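Asker: Mind looking over this structure? Questions follow.
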Amino acid sequence: MKGYKRVRYTLLLAVALAATSVQAQGSDTGGVSASSASSAKEIRAANRLLRKAVLRTLSRTKGLNVDRIVVVASGGSILLEGYVPESNQIDLATSAAQAVPGVTTVTNRLIVRAEGL
């Protein structure tokens, strides 16, 4: 029984020491994480701007009902999800989104669903 306790305490001590060294390493790289946080913040801001530009273009496209369309932007890639009342609006939304500057790819997951359903 004493041997089991020693092994258990030794393992706990090893885990505690490893956790302490990991925290110490994390605090040494504080400057790096701050710059990556600002970088991540800039990326999110750019994605928001691109999303808004695509939504603005879609809403100004004649013959396209954007009430149930969701736009997700991620680094130049656009995802269109939701519902449109007619099948021709799927292609219309895709071509309108591709025309926005900064858009590299458009993934279209729009579904035809009659209004009121």
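Asker: What residues qualify as long-range amide H neighbours of VAL84, i.e. H under 5 Å apart, gap of 5 or more or another chain, H built at 1.01 Å from N?
Answerer: Residues meeting the criterion, in which the H sits 1.01 Å from N, are ILE111, VAL112, ARG113.
Asker: Of the listed peptides 103-114, 68-79, what is their order by residue-averaged count of other C-beta atoms within 10 Å, with the highest listed first?
Answerer: 68-79, 103-114
Asker: Same structure, new question: Check SER77: other-chain or 5+ apart residues with amide H under 5 Å from its amide H, H built from backbone geometry?
Answerer: THR104, THR105
Asker: Got a sec to turn the phi values of the range 38-48 into Karplus ³J(HN,Hα) couplings, 6.51 cos²θ - 1.76 cosθ + 1.60 with θ = phi - 60°, whole Hz, x for Gly and Pro?
Answerer: 5, 5, 5, 5, 5, 5, 4, 5, 5, 5, 5
Coordinate-derived values only; no laboratory data. Computed from a predicted structure; not experimentally measured. Note that we place each Cβ from the backbone using ideal geometry, even for glycine, and neighbour counts take in every protein chain shown.
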